[in-house]
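Read through the structure below, which is laid out as structure tokens, and then see the notes.
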Amino acid sequence: MYINAHISFTDHFDLEVLLLHTQSAIMAAHNMTDIEGLNKSVSIHGAITDAQKKILTPEATAFLALLHKTFDGTRKALLQRRGIRQQELDKGNLLDFLPETKHIRESDAWKGAPPAPGLIDRRIEITGPTDRKMVVNALNSNVWTYMADFEGM
């Protein structure tokens, strides 16, 4: 596993706290307390600043190694599926819902509540620049509201 040390950390404290809490939970769940053993598979390339050293502690890199060990197979499988799906899309197949979830979409239990009365008619006119002709057209367009572009004014 390789870690590129050229990372821009904007909020060191939040990231450090997140890493500490998350790594503790995952390491405890996996009974992985052998930090030195986990770090044998980690190689950091590039210069590391003092600020990055505060975050890329042996415990944090062991956590990253554990994440890699735990999820790398799934990550690779998903990337392979993504490639296959892209090939299907390139051949002209369209996006659609999964056939195995059809029974969920057609179930009455999957229906949402009806919209509130004020949301039933949500027609809107979208106009371009706010010149006189566009505003008149918007006001005469049989909608409840219109949106205009004031950016060019």
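The values are calculated or read from the model by the stated rules, or taken from the named source; none is laboratory data. Computed from a prediction, not measured in an experiment: that's the story for all the values here. Positions of Cβ are backbone-derived with ideal geometry, glycine not excepted, and every protein chain shown enters the neighbour counts.
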Could you pull out the residue among W144, W110 that is out of contact with any helix residue (DSSP H, G or I) (no Cβ under 7 Å at 6 or more places or on another chain), of a type in the set (F, W, Y) and not assigned by TED's automatic domain parsing to the domain that holds I84? W144
In the set T101, T130, which member is polar (S, T, N, Q), surrounded by 11 or more Cβ atoms within 10 Å (Cβ to Cβ) and more than 30 Å from L38 (Cα to Cα)? T130
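Would you pick out the residues in region 88-98 that are exposed (fewer than 10 other Cβ atoms within 10 Å of the Cβ) and part of a helix (DSSP H, G or I)? Let's see the steps before the verdict.
Filtering region 88-98 for residues exposed (fewer than 10 other Cβ atoms within 10 Å of the Cβ) gives 90-92, 94-98.
Listed by number, the list holds a single entry, D90.
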Across region 116-153, the tally of residues that are part of a helix (DSSP H, G or I) and in contact with an Asp or Glu (Cβ under 7 Å, 6 or more places away or on another chain) stands at 1
Residue pairs within 9 Å by beta carbon, gap of at least six or interchain, first lying in region 81-94 and aliphatic (A, V, I, L, M), second outside any helix (DSSP H, G or I), listed first then second, are L89/L95
